[in-house]
Structures are given as C-alpha cells and as structure tokens.
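Read through the structure below, which is laid out as structure tokens, and then see the notes.
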Amino acid sequence: MKKFLLMSALLFSGSVFADSSCSDNAFRAWEKDSNQFRNSLFWTCDSYPADDSLEVMLYHTWVDGEDGERHLMLRVLLVKTETPEVVASGNLHIWEGPNIKVREGDYDPEAFIIDSTNYPLNDTINAFAIRADITGDNYCSDIVRDQFVTLFVREGKALKPVLKHLPLQQRYVVEGTACDRYGDKKTLHGQGQLSLADTKTNGYRDLILSTETVTDVYDQSSMEELSEAEMLEEESSGIETKIYKTTLKFDGHRYPVKWEELPAKEWWQL
C-alpha cells in the first residue's frame with residue numbers, strides 16, 4: 001500500500017510526520033482527527049493484532065490541565081486500512097512525575113512503541129499494548145522505573161486502557177548512594193515480560209509479569225588492591241539472578257498496578 005513520505009507531511013502547518021509506516025488512509029484519518037487539537041504531532045502506526053484489516057495509529061498533543069498544568073496526551077486510533085475511517089479511538093494522559101519525563105521539547109518522539117503482540121483476554125476481547133520509554137536520565141534516583149506498558153481493549157467506538165503504566169524495567173538502590181559511582185552499594189535491577197495466564201478473574205484472563213532480577217553488589221574497599229582483570233572477576237561474582245512472577249487480576253474495570261509490589265514484595269526486601 002502506498003506510503004506517505006516525510007516531506008508530504010511537512011506541508012501541513014503545525015504537524016510533523018514522524019514515521020512512514022502508516023498507510024495513506026491512516027494518514028488521512030489522522031489529518032481529520034487531529035483538527036480538534038492544536039500542534040498535534042504524528043508518530044507511528046502498526047497492524048492491529050486481532051484484525052489485519054485495521055491498523056493502530058498513535059500520535060500526541062500537548063494539553064493544559066488544572067491550574068495551567070501542561071501534560072502529554074496520546075491519541076490512539078484504530079483505522080481501517082482500505083478507507084480513511086476511524087472505527088475506534090481513545091486517549092492516554094501522561095503527567096510529569098518522579099519516574100516520568102514528558103516536558104515539552106525534552107522527550108524522545110520514538111519513546112512510544114505500538115506492540116504487535118495479541119493479548120486475547122477472553123473469547124471475544126483482544127487487547128494490544130503501547131510501551132513508553134519515558135524515564136529520562138535518573139542516574140541519581142534510588143528508584144527508577146521505565147518501559148511502561150498500557151493495554152487497550154476495544155469497546156464499540158472507544159479504546160479503553162485496562163492496564164495503565166505497568167513498568168517492565170526497574171532499578172532500586174537498597175544500600176549505598178545512587179549517585180556514588182565508586183562507593184559501596186547494592187542495586188537491584190529487574191527486566192519484566194508480560195504474558196497471559198490460563199486463569200480468569202471477572203471475565204478477563206489474568207496477566208503474568210515475569211521479571212528477571214539481578215542483585216548487583218559493589219564493594220569499593222575490596223576492589224582497591226585488585227588488578228583490572230581481578231576487579232572484573234570480582235564484580236561478576238557479586239551478581240545474583242532470580243526470577244519473580246506476579247499475577248495481575250482484572251477487578252472488573254482494570255488491572256490495578258501497585259508499583260511498590262512489583263516485580264514482587266520479596267524483591268524489595270532483599
């Protein structure tokens with residue numbers, strides 16, 4: 001199918017075409033939908049996992065919240081591939097926070113990714129995911145979270161987020177100081193993966209967050225007299241890997257995400 005080039009999109013005032021993966025019909029659908037927003041920016045498209053006659057389109061705009069608080073709003077569209085028709089749409093609002101950096105002009109336009117994995121939550125409902133890599137540079141933070149996943153389901157003409165901002169990646173400094181590159185410290189690193197369980201709660205399949213975690217212990221005093229090769233060997237011997245699995249259950253409206261319990265309560269007690 002014909003694709004629009006970057007130069008074509010730049011002809012539209014206030015818009016930036018960031019990805020040529022979208023069909024021409026999807027681009028026309030975006031042009032019409034974005035008229036309701038000022039300074040909308042276009043990002044990317046991917047196939048809708050449950051139906052190859054549809055594609056998912058993602059773009060964003062900046063909106064003013066309460067007391068003039070400016071925040072990022074993602075527009076998620078489900079578009080027909082053969083005609084420029086939006087069959088369903090939804091919004092995802094993202095505010096600046098301790099682990100989220102979305103300041104205007106200070107973000108990566110490729111930070112949001114449409115996941116092509118299909119998540120059949122039951123016999124009739126399928127979900128698709130959008131992942132956000134929006135943590136920014138938090139080297140000096142004791143707790144860092146990233147790779148936030150949101151799951152959308154289609155309810156008529158609406159795209160509803162049933163799982164919001166599940167962090168797949170986490171780092172937690174439990175001993176020492178995060179900013180200290182050379183002092184003694186103990187750091188937990190976790191990388192997660194989302195999958196479906198065979199069990200159901202309130203009509204939706206349970207979700208399994210499997211997280212491979214690494215406990216990294218660095219002892220500066222024990223390194224001072226070692227050669228570079230010995231230091232590398234000593235560092236690697238202080239690494240311990242474990243797997244944690246956490247079950248997320250649908251409460252009838254969404255899958256609640258409690259950051260302080262992920263990837264598992266035991267992980268935070270190490």
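The values are calculated or read from the model by the stated rules, or taken from the named source; none is laboratory data. Quantities reported herein were computed from a predicted structural model and do not represent experimental measurements. Neighbour counts are summed over all protein chains in view; Cβ atoms, including those assigned to glycine, are modelled from backbone coordinates with ideal geometry. Heads up: the accessible areas ignore ligands, DNA and RNA and are worked out on the full protein's heavy atoms, side chains in. Shrake-Rupley method; radii C 1.70, N 1.55, O 1.52, S 1.80 Å.
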When you look at A127, is it modelled with pLDDT of 85 or more, small (G, A, S), open to solvent by 10 Å² or more (accessible area, probe 1.4 Å) and over 26 Å from Q269 (Cα atoms), yes or no?
no
Residues that are within 13 Å of the chain's Cα centre (by Cα), crowded, with 19+ Cβ neighbours inside 10 Å and not in a strand (DSSP E or B): does the stretch 144-151 have at least one?
no
Search result, residues across the stretch 238-265 that are in contact with an Asp or Glu (Cβ under 6 Å, 6 or more places away or on another chain) and either free of Cβ contacts under 8 Å to residues at least 24 places away in the same chain or part of a strand (DSSP E or B) (or both):
I239, I243, T247
Output the number of residues of the stretch 174-205 satisfying the condition of being open to solvent by less than 50 Å² (accessible area, probe 1.4 Å), more than 19 Å from the chain's Cα centre (by Cα) and modelled with pLDDT of 90 or more.
4
Could you please find all residues in the stretch 243-258 being open to solvent by 80 Å² or more (accessible area, probe 1.4 Å) and either touching a strand residue (DSSP E or B) at 6+ places or on another chain (Cβ under 6 Å) or modelled with pLDDT of 90 or more (or both)?
I243, K245, K249, H253, R254
Which condition from (1) open to solvent by 50 Å² or more (accessible area, probe 1.4 Å); (2) in contact (Cβ under 8 Å) with a residue 40 or more places away in the chain; (3) more than 21 Å from L92 (Cβ to Cβ) is the one that C140 breaks?
(2)
Looking across the stretch 206-237 at residues that are in a helix (DSSP H, G or I) and of a type in the set (A, V, I, L, M), the single one that is modelled with the highest pLDDT is A229
